[in-house]
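Down below is the structure, laid out as structure tokens.
The values are calculated or read from the model by the stated rules, or taken from the named source; none is laboratory data. In this text, all values refer to a predicted model and were calculated from it rather than measured experimentally. As a convention, Cβ positions derive from the backbone with ideal geometry for all residues, glycine included, and neighbour counts pool all protein chains shown.
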Amino acid sequence: MPGPLRLRHLTRRFGALTALDDLTFDVPAGQVTGFLGHNGAGKTTTMRAVFGLTDLDSGEVRWDDAPLSQEQRRRFGYMPEERGLYPAMPVGDQLRYLGRLHGLSARAAERAVDTWLERLGLPGRAASKVEELSHGNQQRVQLAAALLHDPDLLVLDEPLSGLDPTGMDAIGEVLVDQARAGKCVLFSSHQLDQVEDLCETVVIIAHGHLVATGTVDELAAGGPRRLVVRVAGDRDATWAKELPGVSISESERGAVRLILDEATDSDTVLRAAMTAGRVTEFVFERRRLSEVFREAIA
Amino acid sequence: MKNSLPFVLLAISATVAAIRIRSRLRARAAKNAKPAKDGQLAEAAKPKRPARAWLDSDLITVSPRAHELGLVAGRELSERLRGRLFRIGTLLILVAVAAAIVIPTLHKNHPTPQNVGVVSTLTPAVQSAVRSAASAAAAGTGTTATLITEPDAAAARDAVHAGRLTVAVIDDPNQGVNLLVDESPDPKATSVTAQFVRSLSVVLGEDASFQSAGLTTQQASQVADTRPLSISSLRPAAKRPSGAFSVIGIILIFMMLTQYNTWTLMGVMEEKSSRVAEVLLSAVRPARLLAGKVLGIGVAAFAQAALIVTFALVVAQSVGSTLMRGSGPLAVAASLTWLLLGYAFYSWVYAAAGSLAERRDQVQSVALPLSMPILFGYAISLSTITSGAPSTFYRVLAYLPPTAPFAMPTLVGFGDVAWWQFAASVVVSLVATVGVARFAAVVYRRSILRTGRRVGLRDLFGGARPQPSAGN
């Protein structure tokens with residue numbers, strides 16, 4: 001397996017603003033790593049630093065425990081947040097060109113373009129200009145551009161933004177396949193439910209420094225117990241509001257999500273619920289990634 | 001010369017046909033590339049490898065640097081050649097060049113025949129004098145004269161007014177015999193008609209003088225046939241530019257430098273604004289991307305320039321234009337050399353400037369100061385060619401890289417430059433180009449990825465600069 005990608009003490013200042021602040025984490029091979037943070041947390045700057053697209057004040061990006069070379073960078077695939085393709089150039093020509101810049105022979109580029117257009121649901125669009133495609137299809141072409149040369153590392157900045165569920169599924173499937181094939185995959189997203197489904201590992205940053213990292217299971221397992229209770233006919237879950245040692249995390253169409261203090265007995269909660277009405281749902285749940293995220297950046 | 005027009009038309013239509021056939025073939029190839037049914041790629045109808053394959057050969061095993069450079073340059077070249085604007089623009093330039101060469105020769109070779117009216121009330125002696133004077137004047141000005149007899153002065157006046165006669169010889173009770181034209185001619189006018197009328201008036205005037213002096217016909221013709229004495233000089237005549245080509249060459253260099261530099265500028269700006277630059281630079285070093293761009297556009301530009309000049313030479317040859325006589329070929333070679341050097345020098349500057357801008361409106365403010373030295377070199381060269389005497393200042397300009405592309409070929413046209421002076425200027429220009437390229441690469445690297453607003457030079461070089469990233 002190639003890699004891993006190691007980011008070590010990355011620091012980047014733009015005038016008074018510190019975009020990256022001694023940021024250190026790894027992107028392991030064979031997994032999809034989700035990269036989370038609020039807007040302006042430094043995700044894009046980090047990703048650009050991997051490709052040498054932004055200068056660093058200090059710190060280093062390493063690959064397989066060696067400093068990153070330009071040759072190795074060519075073996076990476078990058079999908080920037082603001083999509084970058086020639087609007088008036090045919091899709092096929094454009095992808096062949098990009099594939100060859102990444103070191104493919106003319107013949108291999110030709111094959112890769114056909115394969116990926118087919119795989120991403122764009123067969124027969126090789127002669128279309130990029131500007132003639134829908135937003136979703138442009139996004140697929142951009143992803144194809146990052147994948148053509150069978151990269152060791154995929155870095156994708158918001159690959160799911162603006163996509164319909166089918167598009168998200170298609171791209172998600174490709175990311176998981178790449179990880180299964182032993183590649184390093186790092187992607188940023190604000191769609192936390194998708195990240196939870198796709199990723200094994202998650203990195204959360206705020207204000208340019210690391211606030212949490214680990215597998216989704218590890219992160220979700222931590223923290224207080226969560227209980228989802230549904231009482232028929234009580235959409236606002238008024239019964240739960242007065243319970244001692246219990247706080248309401250969220251309430252949704254009659255189902256209330258409760259966070260229990262250490263000392264609180266769940267039987268007390270059940271009894272209170274039964275008093276309020278017929279209990280149709282009573283489930284212990286692990287933390288959601290959205291909760292992990294909110295707590296981490298709070 | 002009479003057969004020149006078909007030649008020109010043939011050349012133009014051959015070019016048009018070639019371009020049409022090429023674009024039709026491409027369209028067919030693109031159509032074939034589409035699969036017969038959705039989801040199935042027709043194996044036999046895969047898109048052909050693009051025409052740039054010759055630049056596209058697998059260099060990667062030999063040299064990754066040459067491979068990248070070739071790829072970037074190849075894309076630029078094929079994008080230019082694919083562009084409709086490029087094809088139509090080239091065609092329009094060819095038509096303009098053909099017109100500029102052919103029209104003067106047509107004008108020279110087919111002067112309007114002159115109709116001379118003679119009033120029948122004039123004495124037969126005067127009428128025959130007009131006849132011989134008209135043919136003499138016509139021969140002198142390279143035209144033909146036809147004599148038309150008018151019944152009286154009033155009829156002749158009407159005919160002149162209506163334009164049927166160029167000039168009428170009438171008998172005026174007050175002035176005696178005189179010439180009548182529609183519009184009073186400018187004494188300096190050089191048109192065939194003006195020369196013919198002046199010549200006719202001189203010959204008829206002389207004739208009248210000889211008659212009143214009582215000379216016999218033989219004596220008169222002897223006096224009329226005087227030859228001027230030859231003049232010898234102590235110093236040779238001042239050198240004049242070889243003529244038309246210097247001007248055409250300077251105009252071509254100006255047009256092409258402006259056009260090609262705009263391509264580079266817009267190309268870089270568009271890569272920045274469409275954010276393709278970010279994708280490209282994740283795989284290619286900035287300096288190589290920049291160099292590939294300059295090289296690719298340069299090849300397209302020089303191919304176009306060579307086509308235009310070859311076309312001009314062929315047309316000039318076939319219509320027997322004097323354009324290419326004398327020092328013409330040398331001036332052509334000098335112009336092409338300096339077009340190339342001028343492009344090499346300016347393209348880096350324009351590419352760096354393009355990386356500062358992100359939108360078309362920003363391009364204007366970036367490009368304007370850069371176009372100043374080009375405009376200056378162009379204007380001062382045209383005025384120097386007109387004056388015929390290059391000043392010392394102008395000779396200095398021939399060694400400064402920004403103005404040398406205009407000044408040096410002009411001096412070559414004057415026949416005023418030794419080979420080593422030419423070579424020295426070339427060397428200065430090449431050295432400067434290397435320096436400019438390095439500077440441009442730095443500006444490009446620092447500004448191509450800064451988006452949002454126009455990047456000022458202070459942003460690039462002022463204040464605390466961040467260190468280059470590790471592993472870079």
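Based on what the data block shows, is residue A:64 within 10 Å of chain B (Cβ to nearest Cβ), at pLDDT below 90 and farther than 28 Å from residue A:140 by Cβ?
Here the answer is no, as residue A:64 does not meet what is asked.
Scanning region A:171-190 for residues that are in a helix (DSSP H, G or I) and in contact with a Lys or Arg (Cβ under 8 Å, 6 or more places away or on another chain), which turns out modelled with the lowest pLDDT?
Taking the candidates together, the pick is A:171.
Within the set of pairs 6 or more residues apart or between chains, which connect a residue that is touching a residue at least 12 places away in the same chain (Cβ under 8 Å) inside region B:204-228 to a residue that is polar (S, T, N, Q) and loosely packed, with under 13 Cβ neighbours inside 10 Å with Cβ atoms less than 8 Å apart?
Here the result reads B:210/B:219, each pair linking region B:204-228 to a residue that is polar (S, T, N, Q) and loosely packed, with under 13 Cβ neighbours inside 10 Å.
Of (1) touching a strand residue (DSSP E or B) at 6+ places or on another chain (Cβ under 8 Å); (2) free of Cβ contacts under 8 Å to residues at least 24 places away in the same chain; (3) among the aliphatic types (A, V, I, L, M), residue A:298 satisfies all except one. Which?
(1)
Is it the case, given these coordinates, that residue A:84 is closer than 26 Å to residue B:286 by Cα and among the small types (Gly, Ala, Ser)? Working first, answer last.
On the way: closer than 26 Å to residue B:286 by Cα: yes; among the small types (Gly, Ala, Ser): yes.
Criteria met by residue A:84.
Among the residues of region B:52-64, are any at pLDDT 80 or above and closer than 27 Å to residue B:284 by Cβ?
Narrowing region B:52-64 to residues at pLDDT 80 or above: none.
No: region B:52-64 contains no residue that is at pLDDT 80 or above and closer than 27 Å to residue B:284 by Cβ.
Residues checked against (1) within 14 Å of another protein chain (Cβ to nearest Cβ); (2) assigned to a helix (DSSP H, G or I); (3) crowded, with 21+ Cβ neighbours inside 10 Å:
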{"site": "A:96", "(1), (2), (3)": "yes, yes, yes"}
{"site": "A:107", "(1), (2), (3)": "yes, yes, no"}
{"site": "A:115", "(1), (2), (3)": "yes, yes, no"}
{"site": "A:126", "(1), (2), (3)": "yes, no, yes"}
{"site": "A:131", "(1), (2), (3)": "yes, yes, no"}
{"site": "A:138", "(1), (2), (3)": "yes, yes, no"}
{"site": "A:144", "(1), (2), (3)": "yes, yes, yes"}
{"site": "A:202", "(1), (2), (3)": "no, no, yes"}
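Looking at region A:35-53, can you tell me whether even one residue there is more than 8 Å from chain B (Cβ to nearest Cβ), within 22 Å of residue A:206 (Cα to Cα) and part of a strand (DSSP E or B)?
Within region A:35-53 (the criterion being more than 8 Å from chain B (Cβ to nearest Cβ), within 22 Å of residue A:206 (Cα to Cα) and part of a strand (DSSP E or B)), the answer is yes, since at least one residue qualifies.
Being under 46 Å from the mean Cα position of the chain (by Cα) and over 15 Å from residue B:119 (Cβ atoms): is that true of residue B:182 here?
Judged against the criteria, residue B:182 is a match.
Can residue A:290 be described as among the small types (Gly, Ala, Ser) and in a strand (DSSP E or B)?
Considered against the rule, which asks whether it is among the small types (Gly, Ala, Ser) and in a strand (DSSP E or B), residue A:290 comes out as no.
Can you say whether residue A:193 is part of a helix (DSSP H, G or I), closer than 30 Å to residue A:116 by Cα, assigned by TED's automatic domain parsing to the domain that holds residue A:118 and touching a residue at least 12 places away in the same chain (Cβ under 8 Å), as far as the supplied structure shows?
Spelling it out, residue A:193 is indeed part of a helix (DSSP H, G or I), closer than 30 Å to residue A:116 by Cα, assigned by TED's automatic domain parsing to the domain that holds residue A:118 and touching a residue at least 12 places away in the same chain (Cβ under 8 Å).
Check every one of the helices (runs of 4 or more DSSP H) wholly within region B:364-471 and list those with 3 or more residues that are modelled with pLDDT under 90.
Counting at least 3 such residues, we get B:404-414, B:419-447, B:457-461.
Please enumerate the residues belonging to region A:80-94 that are facing chain B (nearest Cβ under 8 Å) and either of a type in the set (A, V, I, L, M, F, W, C) or buried (at least 17 other Cβ atoms within 10 Å of the Cβ) (or both).
A:80, A:83, A:84, A:85, A:86, A:89, A:90, A:92, A:93
Say whether the condition of being farther than 19 Å from residue A:238 by Cβ and of a type in the set (Lys, Arg) is met by at least one residue in region A:269-287.
So far as region A:269-287 goes, yes, one or more of its residues are farther than 19 Å from residue A:238 by Cβ and of a type in the set (Lys, Arg).
Could you check region B:249-358 for helices (runs of 4 or more DSSP H) lying wholly inside it with 2 or more residues that are under 25 Å from residue B:423 (Cα atoms)?
Hits in region B:249-358: B:286-318, B:328-356.
Taking region B:99-126 as the search range and keeping residues that are under 17 Å from residue B:197 (Cα atoms) and surrounded by fewer than 17 Cβ atoms within 10 Å (Cβ to Cβ), which one is modelled with the highest pLDDT?
B:113
Is there any pair with a first residue in region A:139-166 that is without any contact (Cβ under 8 Å) to a residue 40 or more places away in the chain and a second that is of a type in the set (A, V, I, L, M, F, W, C) whose Cβ atoms are under 7 Å apart and which are 6 or more apart or on different chains, and what are they?
A:140/A:120; A:140/A:122; A:160/A:168; A:160/A:171; A:163/A:171
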